[in-house]
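Coordinate-derived values only; no laboratory data. Fair warning: this is a prediction, and the values are worked out from it, not measured in the lab. Ideal geometry is used to build each Cβ from the backbone, glycine not excepted, and the neighbour counts take in all protein chains shown.
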Amino acid sequence: MKLTVIGCGYLGATHAACMAELGHDVLGVDTDADKVARLKVGDTPFFEPGLSDVLRRNLSAGRLQFTTDVREAAAFASVHFLGVGTPQQRRGYGVDLGYVEAAVDALTPLLRGDHLVIGKSTVPVGTAAALAQRMAVLTAPGSRIELAWSPEFLREGFAVEDTLEPDRLVLGTDPDTAESTAEQIVTEIYCDILSTGVPFIRTDWATAELVKVSANAFLATKISFINAVSEICEAVGADVSTLADAIGHDKRIGRRFLNAGLGFGGGCLPKDIRGFIARADEVGATQSLRFLREVDAINTRRRTAMVDLVAHACGGDVLGANIAVLGAAFKPESDDVRDSPALNVAGQLALRGASVTVFDPKASQNSQRMYPMLAYATSAAEACEQADAVVVATEWAEFVHMAPEEISDVVRGRVIIDGRRCLDPQTWRDAGWRYHAIGGPMRA
Ligand code: NAD
């Protein structure tokens with residue numbers, strides 16, 4: 001089939017490449033000319049394991065193209081995925097739908113004949129209904145445009161795998177139309193995936209929109225739950241990691257997303273729960289999601305708690321101390337620094353008067369753009385030179401498996417603060433280091 005993908009960021013570029021991998025002819029559209037120029041030559045504008053292979057393979061096969069010109073998209077296909085950004089508004093918790101509206105406003109008047117637009121961006125409930133009305137006004141006479149919503153659940157770091165082997169597909173359509181062709185078209189697009197038995201949930205727009213934000217709210221709640229429990233563990237000297245293992249054995253609970261530490265960040269969970277809270281307010285259900293404010297607050301508190309712990313480890317104050325921060329991405333296997341807990345901690349330490357040097361295997365460039373006031377190193381060992389304390393803020397495998405000997409001789413003080421509870425405390429203590437973990441003691 002011929003498809004377009006409007007918006008080629010983390011979601012859209014991956015989606016475009018993976019749709020081509022499924023055998024479709026795909027045109028990716030983005031307003032960012034630099035991004036498009038890079039994608040055209042098979043250069044991924046962000047780090048995502050495995051994506052460049054899929055991208056290059058499908059560019060060479062002639063199944064994948066990119067453009068900045070939405071007119072090309074309108075002429076290229078009759079099915080259009082929408083994957084533009086939906087960030088948090090500058091003022092307030094609500095979602096900025098400006099990019100989605102602009103994309104729809106640009107595409108709709110250009111479409112002739114029958115078209116299907118499938119929203120994949122994460123949006124507040126009610127967005128599809130409002131966009132459909134907006135599109136109806138802009139639709140050329142004689143043309144028919146259907147809008148469906150199929151939220152995306154991919155995880156950065158596993159984006160290709162998650163797109164090609166999703167846990168489920170969700171498709172929301174207009175509950176008031178009897179003439180939807182979306183299900184048939186989506187079944188055709190995803191036939192190779194659906195044939196593997198992937199659950200396919202067909203529903204209405206509102207439910208589909210809510211599925212996505214509810215899933216993220218649940219995951220955020222699970223992380224903040226264990227972080228709240230870790231505060232109790234810290235107060236009484238209990239080990240939250242052992243506790244998480246123990247409760248995680250219960251199949252009803254499960255061990256995943258129960259890692260106490262610096263908490264969540266990135267371009268999705270924080271803004272999605274805030275957008276959900278804002279939407280609940282708007283529909284008169286403020287009470288229902290009040291707990292999500294606490295989920296958010298617990299999460300934000302982790303960052304300050306981490307800075308306090310570093311200060312404590314440095315003898316009460318970081319003023320004048322050299323601190324190495326290992327990790328800047330919001331999670332490993334990604335170069336995404338949007339709302340990154342690691343960078344937030346690095347920034348707070350600098351504000352308290354520390355000299356902070358950051359190293360991240362993939363996210364240094366993005367970090368430099370966002371936090372130019374920090375120093376950046378090209379290796380963990382370089383970041384640790386003359387450090388009074390070393391902070392592990394993102395659990396990249398190279399930090400988790402780093403031997404103390406790799407940095408013991410370059411630091412000024414053998415003090416390590418584990419913000420992800422991902423190191424083996426005994427290994428570090430045996431090498432003569434003082435080991436601290438956020439969330440309380442860790443039994444070796
Ligand atoms: P992103 O910022 O990486 O990408 C958005 C892209 O849209 C940018 O490249 C931007 O230039 C482009 N764009 C903006 N306006 C445009 C327009 N009018 N026409 C064409 N392109 C336009 O964001 P992202 O992380 O890919 O997220 C996109 C959406 O997907 C969001 O709603 C997000 O919540 C959702 N989502 C993201 C992930 C993830 O892991 N990143 C996972 C699931 C869902």
Residues whose placed amide H lies under 5 Å from that of ALA375, excluding near-sequence neighbours: VAL356, VAL358
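Assign unit charges at the C-beta atoms only (+1 for Lys and Arg, -1 for Asp and Glu), then state the dipole size of the stretch 231-341 relative to its Cα centre in Debye, rounded to the nearest 20.
Roughly 340 debye, rounded to the nearest 20.
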Residues whose placed amide H lies under 5 Å from that of LEU169, excluding near-sequence neighbours: PHE200, ILE201
Cα→Cβ-extended label distance, 7 Å offset, between SER52 and ALA235, nm: 4.9
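Dipole of the chain, Cα-centred, from +1 at each Lys and Arg C-beta and -1 at each Asp and Glu C-beta, to the nearest 20 debye?
Dipole about the Cα centre, nearest 20: 660 debye.
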Summed residue charge, Cβ within 12 Å of PRO404's Cβ, Lys/Arg positive, Asp/Glu negative: -2
The long-range amide H neighbours of VAL95, using H built 1.01 Å from N in the peptide plane and a cut-off of under 5 Å, are GLN89
Determine which lysines satisfy two conditions relative to LYS362: a Cα distance under 20 Å, and not lying fewer than 8 residues away in the same chain. LYS35, LYS331
A chain fully extended from ALA33 to LEU351 at 0.36 nm per residue, minus the present Cα-Cα distance, gains in nm 110.9 nm
Helix 269-282 sits off the longest principal axis of the Cα atoms of the chain, rounded to the nearest 10 on a 0 to 90 degree scale, by 60
In the neighborhood of SER121, defined by Cβ-to-Cβ distances under 14 Å, what is the net charge if each Lys or Arg adds +1 and each Asp or Glu adds -1? -3
Determine the dipole magnitude for the stretch 2-198: charges of +1 sit on the beta-carbon of Lys and Arg, -1 on that of Asp and Glu, nothing else is charged, the reference point is the Cα centre, and the result goes in debye to the nearest 20. 440
Farthest toward positive dipole pole in the stretch 2-198 [+1 Lys/Arg, -1 Asp/Glu at C-beta], among PRO109, LEU64, GLY28: PRO109
Reachable aspartates and glutamates, given that their alpha-carbon falls under 18 Å from the alpha-carbon of LYS40 and they are not under 8 places away in the same chain: GLU21, ASP25, ASP30, ASP32, GLU48, ASP53, ASP69, GLU72
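Can you classify the stretch 2-198 as rounded, prolate or oblate using the Cα gyration tensor, where a ≥ b ≥ c are the square roots of its eigenvalues, rounded means a/c under 1.5, and otherwise it's prolate if a/b beats b/c and oblate if not?
The shape class here is rounded.
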Could you tell me the relative contact order of the chain? Use alpha-carbon pairs under 8 Å, at least six residues apart, and round to a whole percent. 12
Span from the the stretch 117-160 Cα centroid across to the the stretch 337-380 one, whole angstrom: 36
May I ask you to evaluate 6.51 cos²θ - 1.76 cosθ + 1.60, the Karplus curve with θ = phi - 60°, for each residue of the stretch 40-56 and list the ³J(HN,Hα) values in order in whole Hz, giving x for glycine and proline? 4, 9, x, 9, 6, x, 8, 8, 8, x, x, 5, 5, 4, 5, 4, 5
Segment VAL41-MET370, length gained on full extension (0.36 nm per residue, minus Cα span): 115.8 nm
Ordered by residue, what ³J(HN,Hα) values in Hz, to whole numbers, does the stretch 174-188 give under the Karplus form 6.51 cos²θ - 1.76 cosθ + 1.60, where θ = phi - 60° and Gly and Pro are x? 4, x, 9, 10, 9, 10, 5, 10, 4, 4, 5, 5, 5, 4, 5
